[in-house]
Amino acid sequence: MAATPALQAATVAAPKKLLVVSVTKGFRHESIPVIEKVLQGLADQNRAFALDYARTDEELAAKATVKSLVGFDGVVFASTTGDLPLPDRDGFVDWIAKGHAFVGIHAATDTFPGFPAYLDMIGGQFKHHGPQTTVEVFVRDPKSPATAGLPKSWSVFDEIYQFQRYDPARVHLLLAMDKHPETGEAGELPLAWTRSHGRGRVFYTALGHREDVLEADWYKAHLLGGIRWALGLDEAH
Ligand SMILES: [Zn+2]
């Protein structure tokens with residue numbers, strides 16, 4: 001079997017480096033260790049990127065200064081919540097804009113509620129969720145690496161977020177619902193998107209509250225594609 005272009009690239013290029021942040025100052029998801037396990041599995045299989053972790057305030061203070069971020073190509077916010085004790089939060093958002101990757105998983109939009117520059121960077125702010133429910137997920141752009149190989153639509157049982165500070169004109173929509181998960185009212189509601197932030201690349205997926213969602217093959221492919229796109233390893237086609 002011929003090696004894929006991605007695998008060939010991985011053998012010649014040094015792996016990109018991602019800092020996985022899982023500090024929480026609000027609600028703490030029990031699924032955070034599963035997010036880390038899934039991410040580590042993707043990194044180990046893919047070999048195009050390697051992971052470091054900031055799990056505590058102290059690790060965040062040491063690894064996420066503008067100076068220490070020089071060692072990273074991007075960050076993953078793994079269901080972070082609340083006002084994180086970043087050493088320089090404006091400098092952090094500027095660092096992304098200078099051409100780094102930001103990957104946000106689930107509660108990453110429930111983070112920095114009083115920091116507009118972060119919310120504008122990620123593209124929306126968590127507003128509300130109802131009881132866990134089954135929704136029909138539709139792919140809105142099949143050409144993104146984060147949707148490659150996914151069906152046109154499928155059913156997912158998860159905790160489903162509604163957003164504020166979300167403007168469809170500011171994001172590139174990847175996954176959406178066509179009706180409200182609680183009221184059934186028709187309308188396009190976002191579940192995952194990408195956006196450019198300066199020269200930086202932002203990928204956010206609202207899905208991934210439940211451990212069985214995080215460990216589903218489709219979710220791993222979605223996350224891996226989003227990470228690779230954000231790191232500039234793959235382009236939309
Ligand atoms: Zn949740």
Given springs between every Cα pair under 10 Å in a Gaussian network model of the chain, which of Thr56, Thr183, Thr134 has the largest fluctuation? Thr183
So how much accessible area does Arg210 have, in Å² to the nearest 10, using a 1.4 Å probe? 60
A correct Karplus calculation of ³J(HN,Hα) over the range 171-176, with 6.51 cos²θ - 1.76 cosθ + 1.60, θ = phi - 60°, whole Hz and x for Gly and Pro, returns 10, 10, 6, 10, 10, 8
Step through the residues of the range 20-29 one at a time and calculate ³J(HN,Hα) from phi using the Karplus curve (6.51 cos²θ - 1.76 cosθ + 1.60, θ = phi - 60°), rounding each to whole Hz and writing x for Gly and Pro. 8, 9, 10, 6, 10, 10, x, 4, 10, 6
Can you pull the percent of the chain's accessible area that's carbon plus sulfur, 1.4 Å probe, other chains left in place? 52
If amide H atoms are modeled at 1.01 Å from N in the peptide plane, then the residues at a separation of 5 or more from Asp234, or on another chain, having amide H under 5 Å from its own are Trp229
When ligands, DNA and RNA are left out and all protein chains stay put, how many square angstrom of accessible area per residue does the chain have with a 1.4 Å probe? 44
Which of rounded, prolate or oblate describes the range 154-233 when judged by the alpha-carbon gyration tensor and an a/c cut-off of 1.5? oblate
Per-residue [θ]222 nm for the chain (sum of -39500 (n - 2.57) over DSSP H runs n ≥ 4, rounded to 500): -7500 deg cm²/dmol
Label the range 102-189 by shape, choosing from rounded, prolate and oblate, from the square roots a ≥ b ≥ c of the eigenvalues of the Cα gyration tensor; if a/c is under 1.5 it is rounded, and otherwise prolate applies when a/b is larger than b/c, oblate when it is not. oblate
Which percent, to the nearest 5, of DSSP beta bridges fully inside the chain are antiparallel? 50
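Answer rounded, prolate or oblate for the range 101-143, using the Cα gyration tensor with square roots of eigenvalues a ≥ b ≥ c: rounded when a/c is under 1.5, else prolate when a/b is larger than b/c, else oblate.
On the way: a/c = 2.68, a/b = 1.31, b/c = 2.05.
Judged from the Cα gyration tensor, the range 101-143 comes out oblate (a/c at least 1.5, b/c at or above a/b).
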Got a number for the accessible area of Val70? Probe 1.4 Å, square angstrom, nearest 10. 120
Based on Cβ point charges of +1 for Lys and Arg and -1 for Asp and Glu, what charge dipole magnitude is obtained for the chain about its Cα centre, in debye rounded to the nearest 20? 660
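The values are calculated or read from the model by the stated rules, or taken from the named source; none is laboratory data. From a predicted model like this one, the values you see are computed outputs, not experimental measurements. In this analysis, Cβ positions are derived from the backbone assuming ideal geometry, glycine residues included, and neighbour counts consider all displayed protein chains. To get the accessible areas, we keep the full protein, side chains included, count just its heavy atoms, and leave off ligands, DNA and RNA. Shrake-Rupley method; radii C 1.70, N 1.55, O 1.52, S 1.80 Å.
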